[in-house]
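First the structure, in the form of C-alpha cells, and then the observations on it.
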Amino acid sequence: MFIRLSRKTLAVCAVAAAVAAGGIYAVYSRGTRAVNVENSLEGGIINWVDFNVSYEAMKDAMEADIESYGTDTHCSWIDLLAYLAAKNGNDFSGYKSSEIEEITERLDSGESMAEIAGDMKYYNYYREAFSAALGGFIGEYSVQVPSEDTSVWEKKYGLKVFCPIADGFGFEHYDDFANARTYGYARRHMGHDLFGSIGTPVVAVESGIIECVGWNRYGGWRIGIRSFDKKRYYYYAHLRKDHPYTPIVKEGAEVMAGDVIGYLGMTGYSETENVNNINVPHLHMGIELVFDESQKESDSEIWIDCYDIAKLLMNNRCAVSKNENTGEYERKYGFYERVPEK
C-alpha cells in the first residue's frame, strides 16, 4: 500500500482517512479530500488527476527522452514519470535523479518499459493521465534559426512548448493553485498566476485551435486554446484593457506555440466589459485536461496545478520583437510542427 503525501502541509485527518480506507490515494493540494485513484476512473474515463510531478522529475525525464531520441533504446518521458508515480504513490517530494538513471540503465541493458513496469496496478492510469497533461510537450518541430544575414530552417526534437511570458520580459510566480477566491462565490483558484507588467506579450504555450475569445466576468479579457489532440485546454485570463489581443486571435483560428496572442493586464471581476478590477497585473494561466467532451463546461472539469509545469516552460522562452508599423509584438523566428489530421 502506498500513500501519497502532498507537497503542501496536509490535514492529519485526511491522511488518517486515506490510510484507513486503503489503496493508493492522491490527497488534494491545500485541502482535506482524499481521492481514490480507482474512483477517478468511474464511468470508464479518468475524472480526476492530481498532478504532483515535480519540476526536477520532469526535467530529468525530458532530458532522458531527448538524449535517447533516435536510438534503439529511446525512452518516453511520460513512461518514465508514470513508472515513478506508480512506484511512489504519486509522491514526488523525495524524488532523486538516480531514480530516472536507474530506469534508463535498465532500458539500455535491453529491458522494455513493459517489463520494468511489470504488473504495477496504476502504471497505465498514470500513463494516460500524464499523456493528457504533457502529451504535446516533446516532439519533432522545425524552427527558423538566424544565420549571418539570413535565416535557415532546422529540424529539431525536444521541448516544443513555450513559457507564456515572452523572452526578455520579467515576471514572478509562486504555487498558488487551489488558494481561496471569493469574488462571485467562494471557490478555489484553479490555475497559476504569473505577475508582470501591463502590456507584457503573452504567447501561446502550445499549438492548437482558439475555442473562445472575449469577456468573462471572472477572467476579464481571456482566450481559450485547445491542443490539437484535444486533451489540453489552455486558459489565459486578465488580459490588457483596451487592447487585450493581437490580430491573429479569432475564434476557430489555428495558432502555433510561441505566437503572440495578447498582452498581460488586470481586467476582470466585473460584469461590465473592459474594466480593471484585479488588484495586481498578472496573467492567469490554467490547464484543463479533457478525457471526454462531457467534461468541458461542466462540474466535472479537471484543472491541474501547473506551477512546476511553468517552471519547466521557463527552459523555452520565445523571442519577440515589436512591429513598428502596427505596434504589435510578434514572434521573432518562425516555428512549425506538423498539424495532426482532423
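The values are calculated or read from the model by the stated rules, or taken from the named source; none is laboratory data. None of these values were measured; they are calculated from a predicted model. A quick note on method: Cβ atoms are made from the backbone with ideal geometry, for glycine too, and the neighbour counts reach across all protein chains shown. These accessible areas exclude ligands, DNA and RNA; they are computed on the full protein's heavy atoms, side chains included. Shrake-Rupley method; radii C 1.70, N 1.55, O 1.52, S 1.80 Å.
Among the residues of region 101-125, those identified as in a loop (DSSP other than H, G, I, E, B) and open to solvent by 30 Å² or more (accessible area, probe 1.4 Å) are S109, G110, E111, S112, G118, D119, M120, K121.
The residue of region 178-188 that is nearest to G136 (Cα to Cα), among those that are outside any strand (DSSP E or B) and open to solvent by 10 Å² or more (accessible area, probe 1.4 Å), is N179. Here D175, D167 are screened, and the one residue that is closer than 30 Å to M256 by Cα, in contact (Cβ under 8 Å) with a residue 12 or more places away in the chain, among the charged types (D, E, K, R) and open to solvent by less than 40 Å² (accessible area, probe 1.4 Å) is D175. Every test in (1) on the phi < 0 side of the Ramachandran plot; (2) out of contact with any Lys or Arg (no Cβ under 9 Å at 6 or more places or on another chain) is passed by Q144 save one, and that test is (2). Applying a threshold of 9 Å to beta carbon distances and a minimum spacing of six or more residues, or different chains, the list of pairs starting in region 318-329 at a residue that is touching a residue at least 40 places away in the same chain (Cβ under 8 Å) and farther than 13 Å from H243 by Cβ and ending at one that is open to solvent by less than 60 Å² (accessible area, probe 1.4 Å) and among the acidic types (D, E) reads C318/D259. Taking region 126-145, which residues are assigned to a helix (DSSP H, G or I) and open to solvent by less than 70 Å² (accessible area, probe 1.4 Å)? Selection gives Y126, A129, F130, S131, A132, A133, L134. Looking only at region 252-289, residues that are surrounded by fewer than 19 Cβ atoms within 10 Å (Cβ to Cβ) and either within 20 Å of R331 (Cα to Cα) or within 17 Å of the chain's Cα centre (by Cα) (or both) come to 2 in all.
Consider Y95 carefully, then state whether it is aromatic (F, W, Y) and open to solvent by 20 Å² or more (accessible area, probe 1.4 Å). Full working, then the answer.
Working: aromatic (F, W, Y): yes; open to solvent by 20 Å² or more (accessible area, probe 1.4 Å): yes.
In short, yes.
Listed here are the residues, each with its yes/no results for (1) at pLDDT below 95; (2) of a type outside the set (G, A, S).
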| residue | (1), (2) |
| --- | --- |
| A85 | no, no |
| Y122 | yes, yes |
| Y126 | no, yes |
| Y157 | no, yes |
| F171 | no, yes |
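Screening the candidates G258, G214 for the property of being within 19 Å of F137 (Cα to Cα) and of a type outside the set (A, V, I, L, M) yields one hit, G258. Scanning region 54-86 for residues being free of Cβ contacts under 8 Å to residues at least 60 places away in the same chain and in a helix (DSSP H, G or I) gives a total of 17. Would it be correct to say that V53 is closer than 30 Å to S294 by Cβ and at pLDDT 95 or above? When the stated conditions are applied, V53 passes them.
Considering the conditions (1) closer than 28 Å to Y141 by Cα; (2) in contact with a strand residue (DSSP E or B) (Cβ under 6 Å, 6 or more places away or on another chain), M314 is excluded by exactly one of them, (2). Taken over region 65-81, residues that are farther than 15 Å from E102 by Cβ, of a type in the set (G, A, S) and surrounded by 15 or more Cβ atoms within 10 Å (Cβ to Cβ) amount to 1. R222 meets the conditions (1) open to solvent by 10 Å² or more (accessible area, probe 1.4 Å); (2) on the phi > 0 side of the Ramachandran plot in every case but one. The failed one is (2). Number of residues in region 72-87 that are more than 14 Å from R127 (Cα to Cα) and either aromatic (F, W, Y) or touching a helix residue (DSSP H, G or I) at 6+ places or on another chain (Cβ under 9 Å) (or both): the value is 2. Scan region 308-327 and give yes if some residue there is in a strand (DSSP E or B), on the phi < 0 side of the Ramachandran plot, open to solvent by 10 Å² or more (accessible area, probe 1.4 Å) and of a type in the set (S, T, Y), otherwise no. Among the residues of region 308-327, at least one is in a strand (DSSP E or B), on the phi < 0 side of the Ramachandran plot, open to solvent by 10 Å² or more (accessible area, probe 1.4 Å) and of a type in the set (S, T, Y), which makes the answer yes.
Which one of these is surrounded by fewer than 16 Cβ atoms within 10 Å (Cβ to Cβ), within 25 Å of Y69 (Cβ to Cβ) and acidic (D, E): E148, E154, E206?
Working: E148 fails: within 25 Å of Y69 (Cβ to Cβ); E206 fails: surrounded by fewer than 16 Cβ atoms within 10 Å (Cβ to Cβ).
Just one listed residue meets the conditions, E154.
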